[in-house]
1. If a residue must be crowded, with 19+ Cβ neighbours inside 10 Å and in contact with a strand residue (DSSP E or B) (Cβ under 7 Å, 6 or more places away or on another chain), how many such residues does segment 186-199 contain?
2. Quick one: is Phe112 hydrophobic (A, V, I, L, M, F, W, C) and in contact with a helix residue (DSSP H, G or I) (Cβ under 6 Å, 6 or more places away or on another chain)?
3. Quick one: in segment 473-505, of everything that is of a type outside the set (Val, Ile, Thr), under 19 Å from Tyr365 (Cα atoms) and under 23 Å from the mean Cα position of the chain (by Cα), which residue is modelled with the lowest pLDDT?
4. Residue check, Glu368 against (1) over 20 Å from Asp295 (Cβ atoms); (2) part of a helix (DSSP H, G or I); (3) within 33 Å of the chain's Cα centre (by Cα), all met but one. Which one?
5. Test Val318 against the criterion of being part of a helix (DSSP H, G or I) and out of contact with any Pro (no Cβ under 9 Å at 6 or more places or on another chain), and give yes or no.
6. Does Ala78 meet the test of being under 24 Å from Phe171 (Cα atoms), in contact with a helix residue (DSSP H, G or I) (Cβ under 8 Å, 6 or more places away or on another chain), of a type outside the set (Lys, Arg) and surrounded by 14 or more Cβ atoms within 10 Å (Cβ to Cβ)?
7. Between a first residue in segment 245-268 that is on the phi > 0 side of the Ramachandran plot and a second residue that is among the polar types (S, T, N, Q), which pairs have beta carbons less than 9 Å apart while being 6 or more apart in sequence or on different chains?
8. Here is a list: Leu252, Leu244. Which entry is of a type in the set (A, V, I, L, M), surrounded by fewer than 21 Cβ atoms within 10 Å (Cβ to Cβ) and within 30 Å of Ile130 (Cα to Cα)?
Amino acid sequence: MMSAMVYLVGAGPGDPNLITVKGRDAIKKADVIVYDRLASPQLLQNARADAERIYVGKLPDRHTLTQDEINELLVEKAKAGNIVTRLKGGDPFIFGRGGEEAERLVDEGIPFEVVPGITSAIAVPAYAGIPVTHRDFNSSFSIVTGHERPEKTESSINWEKLATATETLIFLMGVSNLSFIVKQLTKFGRDEQTPIALIRWGTRIEQETLVGTLSDIVEKVEEVNFSSPAIIIVGEVVKLREKLSWFEKKPLFGKRILVTRARSQSSELTTLIDSLGGESIEFPVIRLVEPRHGDVFDEALSKIADYHWVIFTSVNGVKFFFDRIRKQKIDIRQMANARLAAIGPKTAAALEEKGLLVEALPEEYKAEALVEHLRPLMKENEKVLLPRADIARDVLTVELREMGCEVTEVDAYDTKIDATNAQGIVKMLKQQQINVITFTSSSTVRNFIHALRLATTDIETVMQHTQIACIGPITAKTAEDLGLKVDVVAREYTIDGLVKAIQTL
């Protein structure tokens, strides 16, 4: 067991994928996580289920805890023998007051490590298409606080030297002081026509960029009520935004998308969403577990050499099938005479990874189409093994038996409802923070509704501003039968097809 330790971790500028590997590891091992307003809530998904989470976020006009109280909290939790991860937006030592926290820990003899983070001063302009250096425009830049201690009677910034010291100036946390900053820069020699950009919630789907000059930026900010948190960048490099803007042009930019499939399956979908500029929120309403009737599964596998066909209807079915094969120490060569069928290309690919080729793959990825594809290939009295989920539809079983096949249907895995964080999802839906909900199976729809009913009595109102995307018509019908309005259905019943459908919304 590790002894008490405090990790001062930079969470990066907002995009949860910009956390460092070491920073994510510190979150995973923490007994206590102390996090602030600018650290992405998604990073907490990396925490242990039993980890204590303490929010100490600050707003410009109010603090959950003062800095001194945060310092004492870190000391208290560490002295109790905990591994404490202090999660701070950006980098802890760049206007993050991490130095003050480290000093307090040293005074108390508490060991600590600093895990640097990607600072918003560089990352946010990059996401807005503004490089902080470019040899055609500048060879230096400065990072300045735009929000000094409020009790100061005069500024400690030497504006006379700063105004023209470097070609590019970057101010953090300076929106509320923008008028003063502009006045000081122009007073001490900065041209009024110097380009300036304000970037709000940089690297996140809410990112907004406002461009102007020192002469008109204050008026522009007032016109659109541009507010914090934002960074300010001053200099000729701002002109490059028009040419280099990339993040805000991504097809899913601005969309926060809920992923309801099991966490073990969600990575492909979340990766695609994030790569296209959206933000994926995981709410796995399904948990996959070993089958209750494992003895029945084992009995079927003991006769693996007898089957003429083994039909797989999901990637999960493939995984649990081979996990069980290994557990029972069954030699896979015993099924050498069995022909293989898969309901879709992902399932077929999962089999190919095992060195097995599929002989039957329908063009439309659903049970009805698979049956029609199999009709000319199967013979009467052939033995078929169908390993599947405990809640799967019985279309395949019924149709294959009508064709005269001897079907052994077994539960390869069971699905359980997972309503963890239902309250948080309902809160996000009420605040219109989720744009699209994705469903990849009928069970995700049913479990989602069940989970929401535990947190609210008015699902219709909660979801009225959110669109729904389904992977195929069967899933869509389940959603509609449960009273949901489906906005788009994938033409190709795959994760790629689902993501393409979302882009049309």
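1. Residues of segment 186-199 crowded, with 19+ Cβ neighbours inside 10 Å: 190, 194-199.
Still in the running and in contact with a strand residue (DSSP E or B) (Cβ under 7 Å, 6 or more places away or on another chain): 194-199.
Residues flagged as crowded, with 19+ Cβ neighbours inside 10 Å and in contact with a strand residue (DSSP E or B) (Cβ under 7 Å, 6 or more places away or on another chain) within segment 186-199 amount to 6.
2. Numbers: hydrophobic (A, V, I, L, M, F, W, C): yes; in contact with a helix residue (DSSP H, G or I) (Cβ under 6 Å, 6 or more places away or on another chain): yes.
For Phe112, the condition - hydrophobic (A, V, I, L, M, F, W, C) and in contact with a helix residue (DSSP H, G or I) (Cβ under 6 Å, 6 or more places away or on another chain) - is met.
3. Within segment 473-505, the subset of a type outside the set (Val, Ile, Thr) is 473, 476-477, 479-485, 487, 490-493, 496-498, 500-501, 503, 505.
Next, from what is left, pick out any that are under 19 Å from Tyr365 (Cα atoms): 473, 476-477, 479, 490-493, 496-498, 500-501.
So of that shortlist, the ones also under 23 Å from the mean Cα position of the chain (by Cα) come out as 490, 493, 496-498, 500-501.
Values: Ala490: 96, Tyr493: 90, Asp496: 94, Gly497: 95, Leu498: 97, Lys500: 97, Ala501: 97.
Result: Tyr493.
4. Unmet for Glu368, out of (1) over 20 Å from Asp295 (Cβ atoms); (2) part of a helix (DSSP H, G or I); (3) within 33 Å of the chain's Cα centre (by Cα): (3).
5. Values: part of a helix (DSSP H, G or I): yes; out of contact with any Pro (no Cβ under 9 Å at 6 or more places or on another chain): no.
In short, no.
6. Numbers: under 24 Å from Phe171 (Cα atoms): no; in contact with a helix residue (DSSP H, G or I) (Cβ under 8 Å, 6 or more places away or on another chain): yes; of a type outside the set (Lys, Arg): yes; surrounded by 14 or more Cβ atoms within 10 Å (Cβ to Cβ): yes.
For Ala78, the condition - under 24 Å from Phe171 (Cα atoms), in contact with a helix residue (DSSP H, G or I) (Cβ under 8 Å, 6 or more places away or on another chain), of a type outside the set (Lys, Arg) and surrounded by 14 or more Cβ atoms within 10 Å (Cβ to Cβ) - is not met.
7. Within 9 Å, the pairs are Gly254/Gln207; Gly254/Asn435.
8. Numbers: Leu252 fails: surrounded by fewer than 21 Cβ atoms within 10 Å (Cβ to Cβ).
Answer to the check: Leu244.
The values are calculated or read from the model by the stated rules, or taken from the named source; none is laboratory data. Because the structure is a prediction, the values reported are computed rather than measured. Quick reminder, even Gly has a Cβ in these numbers, built from the backbone with ideal geometry, and neighbours come from all protein chains shown.
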